[in-house]
Amino acid sequence: MTSSLSDNAGVPTPGDLISIYCRCRGIPSSLPQLNFYLALSVFKMAGIAQGIYVRHLLCNASAPNAAQFGQSVEPLAQVGLQIAQRCQTVCPDG
């Protein structure tokens, strides 16, 4: 059985979140470079996870589960790359 956040009552869909964000910012709801910013945010998460993991390796981690962050670096980077490649095919000039 698969589930997603949108299966839970009260959790907005990604489209709803984009619409709310754009309305609050007073900008058009069409975001042609959305994939670029999504890829950037995922790469940032990978970088943060790598930093937490390195602090674990240096015995300087503040989180007791810091070792687990090492497992998320490569998958996050792969997702970021997939999103970036999707952006390249959709908006090569952006």
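Full-extension gain between LEU40 and CYS59, please, as 0.36 nm times their residue separation minus the C-alpha to C-alpha distance.
Length gained between LEU40 and CYS59: 4.0 nm.
Once you have the Cα-Cα distance between ALA84 and LEU17, take 0.36 nm times their residue separation minus that, and quote the gain in nm to one decimal.
Using 0.36 nm per residue and subtracting the Cα-Cα distance, I get 22.1 nm.
Once you keep just the Cα pairs under 8 angstrom separated by 6 or more residues, what percentage relative contact order results for the chain?
So the answer I get is 29 percent.
Once you order the gyration tensor axes a ≥ b ≥ c over the Cα atoms, which shape class does the stretch 36-89 get: rounded for a/c under 1.5, otherwise prolate or oblate by comparing a/b with b/c?
prolate
What is the angle, in °, between the Cα long axis of helix 14-25 and the longest principal axis of the Cα atoms in the chain? Nearest 10 is fine, range 0 to 90.
80
Hey, what angle do you get for helix 70-90 against the long axis of the chain, alpha-carbon based, 0 to 90 degrees rounded to 10?
With both axes taken from Cα atoms, the answer is about 30 degrees.
Over all directions, what mean area does the Cα convex hull of the chain project, stated in square nanometres?
With every direction weighted equally, the projected area is 8.9 nm².
Based on DSSP H runs of at least 4 residues, each adding -39500 (n - 2.57), what is the mean residue ellipticity at 222 nm of the chain after dividing by all its residues, to the nearest 500 deg cm²/dmol?
-20500 deg cm²/dmol
Which angle between 0 and 90 degrees, to the nearest 10, do you get for helix 34-57 versus the longest principal axis of the chain when only C-alpha atoms count?
Here the helix axis deviates by roughly 10 degrees.
Quick note: the coordinates plus some simple rules give every number you see, no bench work behind them. Every value quoted in this text rests on a predicted model; they were computed, and no experiment measured them.
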